[in-house]
Every structure is written in C-alpha cells, then in structure tokens.
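Encoded as structure tokens, the structure appears first; notes follow it.
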Amino acid sequence: MADRTPIRTGIIGYGLSGRVFHSPFISTNPRFSLEVISTSHAGRQTVAKAQHPNAEIVGSPDELFERKLDLVVLASPAHVHLEQGLAAIASGAALVIDKPFAATTAEAETLIVAAEEAGVPLSVFQNRRWDGDFLTVRRLLAEGALGSVHRFESTFERWSPGLRDRWQDTTTSAQGAGITYDLGSHLIDQALQLFGPASVAHAELAVLRTGGVSDDEAFISLLHESGVRSHLTLSRFAAQNAPRFRVLGSASAYSVYGLDGQEPALGAGVLPTDDGFGVEPPEKWGQVGIAGSSDTPLVPVPTERGDYAAFYAGIAAAIREGEPVPVIPREALETLRIIERVHEFAGV
C-alpha cells in the first residue's frame with residue numbers, strides 16, 4: 001500500500017520560479033505539504049507569507065535544511081545549485097532543481113553522483129514538456145499526421161528591451177545565465193525528447209541589450225541522429241514573434257503561434273486546480289495542412305491541455321512509490337552538454 005503521508009517540502013528562492021512555477025503545484029497537491037520557504041529578500045518574504053500562511057518563511061537555505069524535509073526544491077540561480085543541491089542531498093531530502101540544471105556539466109554530474117550514492121530522487125524541472133502545444137506536436141508525430149519530419153522549428157521570443165534586477169540579467173554565461181541557459185534549456189530539451197540525440201550543426205549568440213553581460217538572442221541548429229534538423233530561435237529583443245512551432249513533414253506541416261497559457265495564468269493568480277487551467281481557446285489553436293492545397297487544406301487542430309501539474313504528480317510517485325522521476329537527470333545533463341557546445345561553437 002502506497003505511503004500517503006504528505007511529502008514535507010521546502011522551496012529555496014521565491015522569485016518568479018518559486019512563486020509561479022513551484023509553490024502553486026506543491027500547495028494544491030494533497031500529496032505535498034509546503035513547510036518552508038527560504039528567501040533573503042524582505043519583499044518576497046512578505047509575499048510568500050501572504051500566499052502561504054501555513055509555511056514557515058526563513059532567511060537562508062541553511063535554516064531550511066535544518067528542518068529535515070522530504071523534498072527540497074531549488075528555485076534559485078544556477079550558480080548556487082551545486083552548493084545548495086549537495087546540502088539538500090546531505091540532509092536526506094529528495095531534490096528538484098529548476099533549469100538550468102547547473103552552471104556547468106561538471107557540477108551537474110557531481111549532483112547526479114551525489115544523489116545516486118545517497119539513494120535520493122533527483123529531477124530537473126523541465127516543465128515545458130507539459131506545454132499544451134508541445135503535447136500537441138507529440139500527438140501529431142505519434143499519429144503520423146505529418147509524414148516523415150525533416151525540420152522542426154521552435155521559437156521562444158519576448159520583448160524585454162531593458163535589463164531587470166534579476167540574476168538572469170546580471171550574471172554571466174559562465175554562471176549559467178543568458179537566454180541559451182534559460183529558455184534554451186527548454187527548447188533543446190523538447191527537441192531531444194521529440195527526435196532523439198543530436199549534435200550542434202551551427203550556433204549564433206548575441207548580446208543586444210545595452211549593458212547586457214550574457215546572451216539575449218540565439219539561433220541553434222541541431223542535427224539529430226534520426227536525420228531531423230531542429231532550428232531553435234530565442235530572443236528577449238523581438239518586437240514581433242515567429243510561430244512557436246513549425247514542424248515540416250513529407251505529408252503535411254503543423255504551425256502554432258503564441259506561448260502556452262499556463263505561465264501567464266499562474267502569474268495572474270490562477271491555480272492549477274481551477275476549472276479550465278491549461279485549456280487553450282480555439283483562437284490559439286495551431287493548423288495542420290499544406291498552404292494553398294485543396295486536397296490537404298489548412299485545418300485547426302485543438303491544442304492538448306497543458307499539464308505542468310503532471311511533473312509534481314510524478315515527483316510524488318518517485319518519492320512514495322519508487323517510480324522513475326518525471327525528468328531523468330542524465331537527460332537534463334545532455335541538454336546542458338549541448339548548451340556548453342553552443343557557447344563553444346559561437347565563441348561566446
């Protein structure tokens with residue numbers, strides 16, 4: 001019989017990641033008990049207490065580790081993941097690390113080995129495996145709806161021309177910052193999930209915003225062993241956006257615009273247990289077909305329901321039932337290897 005005791009959980013960091021991507025799923029899942037939130041930022045401490053009045057708010061990770069929790073979530077900058085992750089493992093806790101996994105592959109490998117030797121689950125929060133549009137691409141590929149795919153285009157662009165006071169804008173790529181480590185972790189992971197192992201065929205990185213210290217625009221071309229080419233485009237300086245996905249096959253193609261709606265909904269205070277969470281309206285659906293064809297016309301395709309909650313459901317099963325973690329750390333390590341190769345290729 002499965003152990004239904006709530007998983008005593010602590011979160012380190014309460015910026016966007018801890019506040020929007022982790023705490024809503026932990027606090028609304030009865031298999032977890034959100035016990036402790038660690039942040040040294042006074043304003044974030046106030047927000048955390050208001051949003052989670054039953055959780056203890058502490059000012060340092062060390063105070064959190066003293067609570068001997070079942071699970072620790074690192075929603076902190078990449079360059080502190082090694083130190084904090086090793087401390088969490090030493091405390092006996094299972095560990096979830098937000099992407100990017102670590103600042104280097106060597107640090108990620110150290111964390112993997114430490115977790116294996118301690119016998120504790122370790123997973124990396126690649127939540128965009130559960131984006132609705134990505135799940136739709138997976139479904140179309142499984143159905144063979146596009147024929148043999150030869151090119152996968154994935155674009156994640158924002159308009160954020162000014163630097164902000166956040167670690168992604170103030171630390172360097174050597175510390176795991178920059179758009180390739182940040183959003184690139186998602187796009188590379190998705191491409192590998194769909195089409196398998198790949199090498200870097202070409203890469204371009206740029207620092208466009210005044211005062212920037214890490215890349216804020218990138219183009220990455222991957223050649224998969226399966227023969228598919230993935231073209232990944234990332235930008236924080238894009239005033240107009242390309243399709244989120246364009247998948248070209250021998251029989252048809254699929255394209256969809258806009259970003260998955262789960263992040264903005266969570267940012268607006270919607271909970272994952274609310275009705276309609278993760279559901280995309282018809283006006284945001286993508287299209288399948290051949291442009292200008294009367295035999296295979298463009299038709300709308302309902303977007304699969306987004307399901308970030310599936311990640312923490314998988315974490316609960318890993319901790320209490322011994323199931324595999326939802327994101328295998330060595331898969332996240334391979335994504336990190338490609339990111340390092342991209343930086344080497346581009347010379348940035």
Some residue of region 265-276 being surrounded by fewer than 21 Cβ atoms within 10 Å (Cβ to Cβ) and among the charged types (D, E, K, R): yes
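Per-residue answers, yes or no, for (1) free of Cβ contacts under 8 Å to residues at least 60 places away in the same chain; (2) touching a Phe, Trp or Tyr at 6+ places or on another chain (Cβ under 6 Å):
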residue	(1), (2)
274	yes, no
282	yes, no
288	no, yes
291	yes, no
295	yes, no
305	no, no
313	no, no
321	no, no
332	no, yes
Counted residues, region 243-264 - those being within 20 Å of the chain's Cα centre (by Cα) and either surrounded by fewer than 17 Cβ atoms within 10 Å (Cβ to Cβ) or part of a loop (DSSP other than H, G, I, E, B) (or both): 8
Residue in region 106-150 that is farthest from residue 283 (Cα to Cα), counting only those that are surrounded by fewer than 23 Cβ atoms within 10 Å (Cβ to Cβ), hydrophobic (A, V, I, L, M, F, W, C) and under 19 Å from the mean Cα position of the chain (by Cα): 112
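For every residue, the table says whether it meets (1) polar (S, T, N, Q); (2) farther than 20 Å from residue 100 by Cα; (3) touching a Gly at 6+ places or on another chain (Cβ under 6 Å).
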{"position": "246", "(1), (2), (3)": "no, yes, no"}
{"position": "251", "(1), (2), (3)": "no, yes, yes"}
{"position": "280", "(1), (2), (3)": "no, yes, yes"}
{"position": "283", "(1), (2), (3)": "no, yes, no"}
{"position": "287", "(1), (2), (3)": "yes, yes, no"}
{"position": "305", "(1), (2), (3)": "no, yes, yes"}
{"position": "308", "(1), (2), (3)": "no, no, no"}
Near pairs, Cβ below 6 angstrom, 6+ apart or cross-chain, from region 84-96 (touching a residue at least 40 places away in the same chain (Cβ under 8 Å)) to any residue that is in a helix (DSSP H, G or I) and open to solvent by 20 Å² or more (accessible area, probe 1.4 Å): 84/61; 94/319
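Considering each residue of region 17-48, count those that are part of a helix (DSSP H, G or I) and surrounded by fewer than 15 Cβ atoms within 10 Å (Cβ to Cβ), and give that number.
Applying the first criterion (part of a helix (DSSP H, G or I)) to region 17-48 yields 17-28, 42-48.
Then drop every residue that is not surrounded by fewer than 15 Cβ atoms within 10 Å (Cβ to Cβ), which leaves 42-43, 46.
The number of residues fulfilling the criteria is 3.
Does region 165-186 contain any residue that is under 23 Å from residue 98 (Cβ atoms), basic (Lys, Arg) and either at pLDDT below 95 or open to solvent by 20 Å² or more (accessible area, probe 1.4 Å) (or both)? Before the answer, list the steps.
In the first step, residues of region 165-186 are kept if they are under 23 Å from residue 98 (Cβ atoms); the result is 165-186.
If we keep only those that are basic (Lys, Arg) as well, we get 166.
Applying the additional criterion that residues be either at pLDDT below 95 or open to solvent by 20 Å² or more (accessible area, probe 1.4 Å) (or both) yields 166.
Yes, region 165-186 has at least one match.
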Yes/no for residue 196 being on the phi > 0 side of the Ramachandran plot, surrounded by fewer than 18 Cβ atoms within 10 Å (Cβ to Cβ) and touching a strand residue (DSSP E or B) at 6+ places or on another chain (Cβ under 9 Å): yes
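The values are calculated or read from the model by the stated rules, or taken from the named source; none is laboratory data. The structure displayed is predicted, hence computed values, not measured ones. FYI the Cβ positions are ideal-geometry reconstructions off the backbone, even for glycines, and counts take in every protein chain you see. Protein only, heavy atoms only, side chains kept; ligands, DNA and RNA dropped before computing areas. Shrake-Rupley method; radii C 1.70, N 1.55, O 1.52, S 1.80 Å.
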